[in-house]
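Bear in mind that the values in this text are calculations on the coordinates, not laboratory data. Because the structure is a prediction, the values reported are computed rather than measured. Cβ atoms come from the backbone with ideal geometry, glycine included; neighbour counts cover every protein chain shown.
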Amino acid sequence: MFLTHRILKALKEIMNEQIKSGDLIYVPSEVVLISEQNGVAENWIKLSEPKNLLVTDVNNKTYEVFFENQHWLVDKNKVYGVSK
């Protein structure tokens, strides 16, 4: 079981490394999106249902996504790449 978990985690990391601006990502329900202003969290929203969102920028630990006419940050470890 542990080995399977490690393999799945490694595969997810490989898939997320390939995600770039303009790609779609799958964001599961209950994931929190954060809006920032000058590096300070201004607002947050927890998704009530899963969404496919457009990546507008890629940061070290987060993706910037477009949702409800705003740009939000989402943790890279909480999302999945969408197959093309």
Worksheet item: Within segment 33-63, restricting attention to residues that are touching an Asp or Glu at 6+ places or on another chain (Cβ under 9 Å) and in contact (Cβ under 8 Å) with a residue 40 or more places away in the chain, which residue is nearest to residue 80 (Cα to Cα)?
Response: 63
Worksheet item: Where in segment 41-84 are the strands (runs of 3 or more DSSP E), entirely inside, with at least 2 residues that are among the aliphatic types (A, V, I, L, M)?
Response: 51-58, 70-75
